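Right, one structure below, let's go through it.
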């Protein structure tokens, strides 16, 4: 089953949607910039093997990527382990980071239609 099919069955994950404010931000900044932000957030907040505040490092609002991370279960290592099967306690590889950024961007593109 596709990850998006699985996520759609989660009441918690399904409640996240981009509002007009976030959509406008994406329009103003462009998708390339949003993807750079996603890459930066993943590499600094998610990829390290050990994260001091894991489970609390991704705000639920304030940036389209943060909202996307909660919608796609890429918000913390616990969710990533559960939904994407990348183990906790091991630094994410470049390929794994690319996968997570791809999931985030796919969700964002679907939201902006």
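Some observations on this one:
- A count restricted to segment 85-98 and to residues that are in a helix (DSSP H, G or I) and crowded, with 18+ Cβ neighbours inside 10 Å stands at 1.
- For segment 60-84, the set of residues classified as outside any helix (DSSP H, G or I) and either within 9 Å of the chain's Cα centre (by Cα) or surrounded by 13 or more Cβ atoms within 10 Å (Cβ to Cβ) (or both) consists of 63, 72, 73, 74, 75, 76, listed by residue number.
Each row is one residue, and each column tells you yes or no for (1) touching a residue at least 24 places away in the same chain (Cβ under 8 Å); (2) part of a helix (DSSP H, G or I); (3) crowded, with 18+ Cβ neighbours inside 10 Å; (4) in contact with a strand residue (DSSP E or B) (Cβ under 7 Å, 6 or more places away or on another chain).
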| residue | (1), (2), (3), (4) |
| --- | --- |
| 17 | yes, no, no, no |
| 24 | no, yes, no, no |
| 40 | no, yes, no, no |
| 43 | yes, yes, no, no |
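- Residue match in segment 46-59 (condition: part of a helix (DSSP H, G or I) and under 16 Å from residue 96 (Cα atoms)): yes
- Residue 7 being surrounded by 11 or more Cβ atoms within 10 Å (Cβ to Cβ), at pLDDT 95 or above and part of a loop (DSSP other than H, G, I, E, B): no
The values are calculated or read from the model by the stated rules, or taken from the named source; none is laboratory data. This is a predicted model, so every value here is computed, not measured. No Cβ is skipped: glycine too gets one built from the backbone with ideal geometry, and neighbour counts run over all protein chains shown.
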